[in-house]
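The values are calculated or read from the model by the stated rules, or taken from the named source; none is laboratory data. Keep in mind that what you see is a predicted model, and the values were worked out from it rather than measured. FYI the Cβ positions are ideal-geometry reconstructions off the backbone, even for glycines, and counts take in every protein chain you see.
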Amino acid sequence: MPITVTPTAIPEVLVIEPKVFGDARGFFFESFNARDFREATGLDVTFVQDNHSGSSRGVLRGLHYQVQQPQGKLVRVVQGEVFDVAVDLRRSSPTFGQWVGETLSAENRKQLWIPPGFAHGFLVLSEWADFNYKVTAYYNPKLENIIAWNDPNIDISWPIRSTPQLNAKDSEAPVISTAALFE
């Protein structure tokens with residue numbers, strides 16, 4: 001199998017590890033192959049948009065999601081290292097309000113599948129990180145929702161040494177008890 005898939009503590013969130021071919025010249029791997037993804041995960045998804053962000057150490061982006069036009073995301077780091085987090089916002093889920101985190105880096109080449117119904121965020125651990133993600137629905141700023149990165153009800157164990165750098169909307173985000181959620 002060209003990719004290895006490992007469920008996290010929230011089974012719908014998956015760690016994807018591609019098979020990497022390397023030699024003295026460098027390496028090669030398929031960062032996404034629809035057939036292999038479908039066979040390995042059992043998911044038949046269509047990605048409609050690719051996003052790329054670059055951020056410096058200590059930047060925290062998230063926790064973002066769209067209740068209307070929910071997005072599944074396949075995320076990876078192409079330069080640097082981040083701590084990536086998914087929070088289950090599906091009220092009917094046995095893991096509602098729980099989170100999982102994974103260190104993603106250019107070196108480990110891990111990817112994370114975050115299904116619709118989850119909030120997503122990441123903290124940059126390296127001096128700089130280039131972060132790519134494929135999404136299953138178009139981003140719509142009017143439909144974006146945010147939950148506070150430091151919501152004590154979720155209690156994410158961010159590997160933070162100092163106060164993270166946030167944009168205005170992330171620093172003013174509501175807690176899960178007052179946020180828009182999935183059924």
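Quick one: in region 97-120, which of the residues that are more than 20 Å from F47 (Cβ to Cβ) and touching a Phe, Trp or Tyr at 6+ places or on another chain (Cβ under 7 Å) is surrounded by the most Cβ atoms within 10 Å (Cβ to Cβ)?
G101
Could you grab me the full set of residues in region 144-183 that are modelled with pLDDT of 95 or more, part of a loop (DSSP other than H, G, I, E, B) and hydroxyl-bearing (S, T, Y)?
The one that is modelled with pLDDT of 95 or more, part of a loop (DSSP other than H, G, I, E, B) and hydroxyl-bearing (S, T, Y): S157.
Going by the structure shown, is V77 surrounded by 22 or more Cβ atoms within 10 Å (Cβ to Cβ) and either among the aromatic types (F, W, Y) or at pLDDT 95 or above (or both)?
Numbers: surrounded by 22 or more Cβ atoms within 10 Å (Cβ to Cβ): yes; either among the aromatic types (F, W, Y) or at pLDDT 95 or above (or both): yes.
Here the answer is yes, as V77 does meet what is asked.
Across region 60-82, what is the number of residues that are farther than 19 Å from V135 by Cα and not in a loop (DSSP other than H, G, I, E, B)?
Step one: filter region 60-82 for residues farther than 19 Å from V135 by Cα, giving 60, 79-81.
Of the ones still in play, those that are also not in a loop (DSSP other than H, G, I, E, B) are 60, 79, 81.
The number of residues fulfilling the criteria is 3.
Considering region 114-125 alone, what residues qualify as being assigned to a loop (DSSP other than H, G, I, E, B), touching a strand residue (DSSP E or B) at 6+ places or on another chain (Cβ under 6 Å) and within 19 Å of A180 (Cβ to Cβ)?
Filtering region 114-125 down to residues assigned to a loop (DSSP other than H, G, I, E, B) leaves 115-117, 125.
If we keep only those that are touching a strand residue (DSSP E or B) at 6+ places or on another chain (Cβ under 6 Å) as well, we get 117, 125.
Listed by number, the list holds a single entry, G117.
Going through region 1-16 one residue at a time, which ones are surrounded by 12 or more Cβ atoms within 10 Å (Cβ to Cβ), over 18 Å from V135 (Cα atoms) and of a type outside the set (S, T, N, Q)? I'd like the intermediate steps shown before the answer.
Going through region 1-16, the residues surrounded by 12 or more Cβ atoms within 10 Å (Cβ to Cβ) turn out to be 2-5, 7-8, 10, 12-16.
Now narrow it down to the ones that are over 18 Å from V135 (Cα atoms): 2-5, 7-8, 10.
Selection gives P2, I3, V5, P7, I10.
Suppose we keep only residues that are among the acidic types (D, E) and at negative phi within region 112-157. Which one would you say is nearest to the chain's Cα centre (by Cα)?
Step one: filter region 112-157 for residues among the acidic types (D, E), giving 127, 130, 144, 151, 155.
Narrowing the set further to residues that are at negative phi leaves 127, 130, 144, 151.
Details: E127: 19, D130: 13, E144: 15, D151: 18 Å.
Taking the candidates together, the pick is D130.
K134: part of a strand (DSSP E or B) and either over 18 Å from T46 (Cβ atoms) or of a type in the set (D, E, K, R) (or both), yes or no? If you could, list the steps in order and put the result at the bottom.
Details: part of a strand (DSSP E or B): yes; either over 18 Å from T46 (Cβ atoms) or of a type in the set (D, E, K, R) (or both): yes.
Here the answer is yes, as K134 does meet what is asked.
So which residues in region 94-113 are under 15 Å from T8 (Cα atoms), without any contact (Cβ under 8 Å) to a residue 60 or more places away in the chain and part of a loop (DSSP other than H, G, I, E, B), if there are any at all?
Correct list: P94, F96.
Given the conditions (1) closer than 20 Å to E127 by Cα; (2) in contact (Cβ under 8 Å) with a residue 60 or more places away in the chain, which single one is not true for L74?
(1)
Here's a check for you: in region 90-134, which residue that is small (G, A, S) and out of contact with any Gly (no Cβ under 8 Å at 6 or more places or on another chain) is nearest to N167 (Cα to Cα)? Don't jump to the end; show me each part of the working.
In the first step, residues of region 90-134 are kept if they are small (G, A, S); the result is 92-93, 97, 101, 105-106, 117, 119, 121, 126, 129.
Now drop any that are not out of contact with any Gly (no Cβ under 8 Å at 6 or more places or on another chain), which leaves 92, 97, 101, 117.
On the way: S92: 31, G97: 23, G101: 21, G117: 23 Å.
Among those residues, the one meeting the criterion is G101.
Only residues in region 147-175 that are within 21 Å of V100 (Cβ to Cβ) count as the first member; pair them with residues that are modelled with pLDDT of 95 or more and surrounded by fewer than 13 Cβ atoms within 10 Å (Cβ to Cβ), Cβ under 8 angstrom, at least 6 apart or cross-chain, and list the lot.
Correct list of pairs: N153/S177; V175/P152; V175/N153.
Looking at region 121-146, which of its residues are hydroxyl-bearing (S, T, Y) and either in contact with a helix residue (DSSP H, G or I) (Cβ under 9 Å, 6 or more places away or on another chain) or loosely packed, with under 15 Cβ neighbours inside 10 Å (or both)?
Y138, Y139
Does any residue in region 34-47 that is free of Cβ contacts under 8 Å to residues at least 12 places away in the same chain and surrounded by fewer than 17 Cβ atoms within 10 Å (Cβ to Cβ) come within less than 8 Å, Cβ to Cβ, of a residue that is basic (K, R) and assigned to a helix (DSSP H, G or I) six or more places away or on a different chain, and which pairs are these?
Listed by first residue and then by second, the contacts come to D44/R38.
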